[in-house]
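Read the figures in this text as sums done on the coordinates, not as results from a lab. Just so it is clear, the model here is predicted, and its values are computed rather than measured. Positions of Cβ are generated from backbone atoms using ideal geometry, with glycine treated the same way; all protein chains shown enter the neighbour counts.
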Amino acid sequence: MSLPHLIAALAAVATLALALATRYSAAQRLDDALERFAGTHRELTTPFARFGTLPGERYIHPLIGAVSAAAVLLLRPDGAVWRAVVPLAAASLGAIVAHHAVKFVYHRPRPRAALDRGKTEAAFPSGHSADATAVVVTAAYILVREGILPAPVAVTVALVLALATGISRVALGWHWGTDVLGGWLTGIAVAAECCVLYGGLR
């Protein structure tokens, strides 16, 4: 098994294990404590969190993928035209399918702050976190492999965007902390497979 396939498998197993863990009171107590902490600071952090959550929005993560693919096509015109487009589209769509598949099986209730605002969709995993992570990690990998960005820059940008998206979901009260962790793991699993796809098209 190649390293990306191994990473994808481990991340997927970890996501499922985490989903099971959230059914136990110990994990819920940790989530409750984090939600209480976030709730006491919500008025202050909301303006920043609304900005931080943007990479996971349904109209932003596809845009990040499209801009990254366009950069490859414009700056590195040699090679297969679809080598960046297909993996980045797969990252966006794959993350959406993956997190909805888990939510279909496991309907975890949202925090009270979300329920009070009428958000009843299953909580685990965080879709915003999964979508943003899948796209920014895939984009970072491709931009480094294409020689467009140095690895430290690409990794830093991807890490900041993924972390900001996940943290914002807790800060805004839409998700439990473990939902976000599950979203990050789901995004990593999808990104790893998309990186393999890129390698096959390159």
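With r as the distance between the Cβ atoms of A26 and V155 and R0 = 35 Å, compute the FRET efficiency 1/(1 + (r/R0)^6) and round to 0.05. Efficiency at R0 = 35 Å is approximately 0.60. For segment 112-192, chymotrypsin sites (Phe, Trp or Tyr not before Pro) are listed when DSSP marks them as loop and at most 16 other Cβ atoms sit within 10 Å of their Cβ; the list is empty. Each of M1, V86, G173 was placed along the dipole of the chain (beta-carbon charges, centred on the mean Cα), and the one lying farthest toward the positive end is G173. Magnitude of the charge dipole for the chain, about its Cα centre and with charges confined to Cβ atoms of Lys, Arg (+1) and Asp, Glu (-1), is about 220 debye.
Contact order, relative form, for the chain: 36 percent (alpha carbon pairs under 8 Å, 6 or more residues apart, mean separation divided by residue count).
Within the shell of other residues whose beta carbon sits under 10 angstrom from the beta carbon of A113, the net charge comes to +3, with Lys and Arg scored +1 and Asp and Glu -1. Each principal axis of the Cα cloud of the chain was taken in turn, and the coordinate range along them, longest first, works out to 52, 37, 28 Å.
Taking the square roots of five times each eigenvalue of the Cα gyration tensor of segment 68-128, the equivalent ellipsoid has semi-axes of 37, 13, 6 Å, listed largest first. For segment 94-202, the C-alpha radius of gyration sits at 1.15 times the compact-globule guess of 2.2 N^0.38 Å, with N the residue count. Neighbours of K103 by Cβ distance under 12 Å: Lys/Arg scored +1, Asp/Glu scored -1, total 0.
Please label the shape of segment 1-56 as rounded, prolate or oblate, based on the square roots a ≥ b ≥ c of the eigenvalues of the alpha-carbon gyration tensor (a/c under 1.5 means rounded; beyond that, a/b larger than b/c means prolate, else oblate). Note, shape of segment 1-56 comes out oblate. Scanning the chain for DSSP H helices at least 20 Å long along the axis (C-alpha atoms) with a Kyte-Doolittle mean no lower than 1.6 picks out 3-21, 61-75, 151-171. Modelled spin labels at V13 and E121, positioned 7 Å past Cα toward Cβ, are 3.0 nm from each other. An oblate overall shape is assigned to segment 139-202, the ratio a/c of its alpha-carbon gyration tensor axes (a ≥ b ≥ c) being 1.5 or greater and a/b not exceeding b/c. Measuring from centroid to centroid over Cα atoms, what is the spacing of segment 10-73 and segment 111-183 in Å? If we compute the Cα centre of each part, the gap is 5 Å.
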